[in-house]
Structure formats: structure tokens, C-alpha cells
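Just below is one structure, and these are the notes that go with it.
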Amino acid sequence: MGSFRYLWIISAFILLIFSCKKKVSSAGSSNLSSEEYLNGFTVDTFDLLTYTVEEDSIITDNAANVVLGYYNDPEFGHFESSFYTQVLLGGAEPNFGDANTIVLDSFVLSLEYDGYYGDVSPQTFEVYELDESLSLDSTYYTFSTLSTKSTNLLSFGAGTIVPSPDQNTIVGSDTLSPQLRIPLDTNLARVFIDEAVSGSTSFSDNTQFLEYFKGLYVKTNNGTFPSQQGGVFYFNLNDAASKLTMYFHQDGESKTYDFVMNSEGADFVHVDVDNSTAPIDQVLQDSTLGKVEFFAQAFKHRAAIKIPGLDSIPAKSIIHRADLELPVQYQTGTYYSPGALTSVATRLTAEDDFYTPLSSIGQYVDYKKHFEVDLRQYVQSVLTGQIENTEIVISPLYFINSADRIVFNGVNTTNKNKPKLILTYTPY
């Protein structure tokens, strides 16, 4: 996902690191040699400075999947995503014969599901023709937009759909993997056919076709959902099932023609996030409130954790374990889950403007309702001076192609479980 922009300046005094040291208990001693066991220490009382970092320039082009939908979250506010994509020829120079003998049955945009987040209540979808070209050589961000033509391409009255990402799709006599199928106005299909048989070069290859038809913009138009309602859906545009299909009859024979979306075409996701009236906004305005709760959200926010106490660990120490436990606010079965994995990154020096990913991965343990992060390598690198003790940031692993969000407990939370770092080390 590339480097991560640093957007938060910490202004806090370094607090007391830990109140005591204790000899390693026999629990887990099988991981240490007898000499390490006799001389090792475990510290679990570090003060953690926790807050939230807001991003403003996240690149979203040509990710593994696109993200489409809307939800209204009581902790994060409104999240809405749409996408722009090129559409390519399923085959160059299609032979439609005598266009006057063609009877169009339907024109369908099918999108192969690759997961979802939230609930599956009905949403209203819209599709527009691009009036501005996309390019594989360009960079697109969450805030990027392209101009479109004004006509919604959907069939009249066909926009509101109940997504079914967990149910197979039936097309004729075929049972297919789950798809979102959006019926489009067949007038556009007729325009395509007329263009193809006109003698123009528009359908001779993809370069010519993209000059003629620049692509599609797919979005939702739901108004405002009530709190805790809505969902966001993931679609794999590189899957052969994601396509634009004309269904027609010609001389009594059923036929189809596909336009495809794949890695040879460009796409990007546009995201609108409105946190202005949500609890996360309070933490963004006052970072000290991150001691109560702090947040991470795909495309927009990262949870930040600074551990000043690491500076007081002897530089000549072997780190045996450094387990960071991050409890979350989540009830099993509710719509907005914390996801299964997180990425972990840090600034290598205090002067860096970007975050560098670490090899650590945060893993969610549902029965404990917390994420577990192995920071051993990070802490060892801080002690050896390879990197500075700045902060780490925790983000949903699929930061540019999901809608995951996480509410973490801070050290001053009124909830039972609090974040902590458990460090086992041996000075030498």
C-alpha cells in the first residue's frame, strides 16, 4: 500500500514508564534459556499515549478490488464510496450483422462480489458515462473525481437493489457466484451496436474504443441512512464475471456480447467520509481524548500508539517478547466488526513525513475482544538505534480496498480491558 503520510504532531510530556519491574514468572519460561530466565525481566506497566491520525492523500487506483456503498456508523459517521472504471472490448470488431434484425432484451452491469462490510439493506445505485478519460499512468486519490455525462444509465425504476453477497446468482439456467446485477437502459446498447456497424473504427481495438466510450462511474444515492444502517460492498473487476453484457435476439437466436473490466483498464475508488458529528471527531480535535478511546478506519484514519518508556530499557538488552494487546469495542454479531487483521507501521525517524510498514501484523482474537501485535522486532530495533522511538500506527490491513473500522479502548477507558505492552527482556 506504499508509504503512509504523517499528519499528526505529538505534543505531550513523557510520562512515567512503569511502576515496577518483576522477575519473569515460570509461565512461558520454556521459551528462554536457564540463564535468560535467571536474569530476565517482564514489564507490563508502560504508559501508552494513544490518539488518531487523519489521512488526506490516499492513493486508490487499481487496487485488488473496488469498494461501493454507504453506511452510517454511530462512532465514525457517514462513509460513502463509489468507483470509476474503464470498460474494454470483449472482442475487437464484433460482427453484429444487420442491426435492424437485432432485438435487445437487456443490458446488464454485473459485478462479482469479493466481500462486504455492514448490513445488506436496500441501496439505490446509479451509473453514469464518463466525460473525461482515465489513464493507467495517472495517480488517483480518495478525493479524485472525473466529469461525467448527466444521464443516469439505469433502466427506469431499476436503481434500488437489495445486495445479496452471500447468495449465488441465477442467470437463465446457470448458477453463478454472487453478483450485483444492475440493469442498464438498452438504448445505450443500441447506440453501441449502431456505432459498431457504422463503419467507424471505434470497435477496432481498445485504444479506439476508449476514445469513443471513456468508461463508467458507479455510485450510490441513498440520502441519509439511520445510524447503524447500511453496508459497503467489494467487487473484483478483474474477475471474468465482472462485465457489461448485451443480451439480444437476432433471427430468433439468443446472443450476447460482453464489455470487460480487467487489469488492462484503469479504475479507482472515490471515498467521502463525514465524521463531523461522530465521536471520532472529538479525538481528532483533542488528541488527549485518545486515552479514553481511539480509532482506525479504512481510507481515512489510523490508530497511533507512542511508548515513551521504551527509552528507559537498557540499550544492551535482548528482547524475548513484546506483545501489544489492544482491546476493542465490539459485540460479536453486530454489523460493524473490527476485521481480522491490521497493518503496523512507524516513522523511522522523527523527521520522517511518511510511515514505513513493519513486518508485524495485528491479529484479532474474538474471544478476548482484542488485537495482538508482536512488536519484538520493532522494540529491538529501537534499542539498537536502527530506528527512533517515534510511534506505531495501526490500520485495517486492507486500507485502500475495504470499509473496515475499529474502536480501540484507551488506557483511561471505563471498559474492563485496557491496552498494554508486555515486554520480556534480558540486559547483557
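The values are calculated or read from the model by the stated rules, or taken from the named source; none is laboratory data. Everything numeric here is computed off the predicted structure, so don't read it as measured data. Reconstructed Cβ throughout: ideal geometry from the backbone, glycine too, with neighbour counts over all protein chains shown. For accessibility, only protein heavy atoms count, side chains too; no ligands or nucleic acids. Shrake-Rupley method; radii C 1.70, N 1.55, O 1.52, S 1.80 Å.
Share of the chain's accessible area from carbon and sulfur, percent, 1.4 Å?
On the chain, the fraction of accessible area on carbon and sulfur atoms equals 47 percent.
Cβ under 14 Å from Asp47's Cβ, Asp47 left aside: what net charge do those residues give with Lys, Arg +1 and Asp, Glu -1?
Around Asp47, the charge tally is +1.
Which GluC sites (Glu not before Pro) from the range 102-170 combine a DSSP loop assignment with at most 15 other Cβ atoms within 10 Å?
Glu132
Could you order Ser135, Ser173, Ser198 by accessible surface area, starting with the largest, using a probe radius of 1.4 Å?
Listed by decreasing accessible area, they come as Ser173, Ser198, Ser135.
Give the distance, in whole Å, between the Cα centre of the range 40-71 and the Cα centre of the range 166-200.
38 Å
Going by average Cβ neighbours within 10 Å, how do the peptides 314-324, 72-82 rank, with the highest at the top?
72-82, 314-324
Top mean-square fluctuation among Tyr116, Tyr128, Tyr71, Gaussian network model of the chain, C-alpha springs under 10 Å?
Most flexible of the set in this elastic network: Tyr128.
Can you tell me how the range 269-413 classifies by the Cα gyration tensor, rounded, prolate or oblate, using a/c under 1.5 as the rounded cut?
prolate
How would you order 306-312, 381-387 from highest to lowest mean count of nearby Cβ atoms within 10 Å?
The densest-packed peptide leads the list: 306-312, 381-387.
In Å², and per residue, what accessible area does the chain have when probed at 1.4 Å with the other protein chains present?
45 Å²
On the principal axes of its Cα set, how long, how wide and how thick is the range 338-428? Give whole Å, largest value first.
Projected onto the principal axes, the Cα atoms of the range 338-428 cover 37, 32, 22 Å.
log10 I(q)/I(0), Debye, Cα-only the range 57-155, no solvent, q = 0.12, 0.13, 0.17 Å⁻¹?
-0.59, -0.68, -1.09
Would you kindly derive the ³J(HN,Hα) couplings of the range 181-190 from the backbone phi angles with the Karplus curve 6.51 cos²θ - 1.76 cosθ + 1.60 (θ = phi - 60°), listing them in order in whole Hz, with x for Gly and Pro?
Calculated HN-Hα couplings, in order: 10, 10, x, 9, 5, 5, 4, 5, 4, 5 Hz.
For the range 246-325 and the range 333-385, what is the centre-to-centre distance using only Cα atoms, to the nearest Å?
13 Å
Loop only by DSSP, 13 or fewer other Cβ within 10 Å of the Cβ. Give me the chymotrypsin sites (Phe, Trp or Tyr not before Pro) in the range 354-411 that pass, ordered by residue number.
Counting only loop positions with at most 13 other Cβ atoms within 10 Å, the chymotrypsin sites (Phe, Trp or Tyr not before Pro) in the range 354-411 are Tyr367.
When the chain is treated as a GNM, springs tying every alpha-carbon pair under 10 Å, which of Asn275, Asn168, Asn409 comes out with the largest mean-square fluctuation?
Maximum fluctuation in the GNM of the chain, among the listed residues, is at Asn168.
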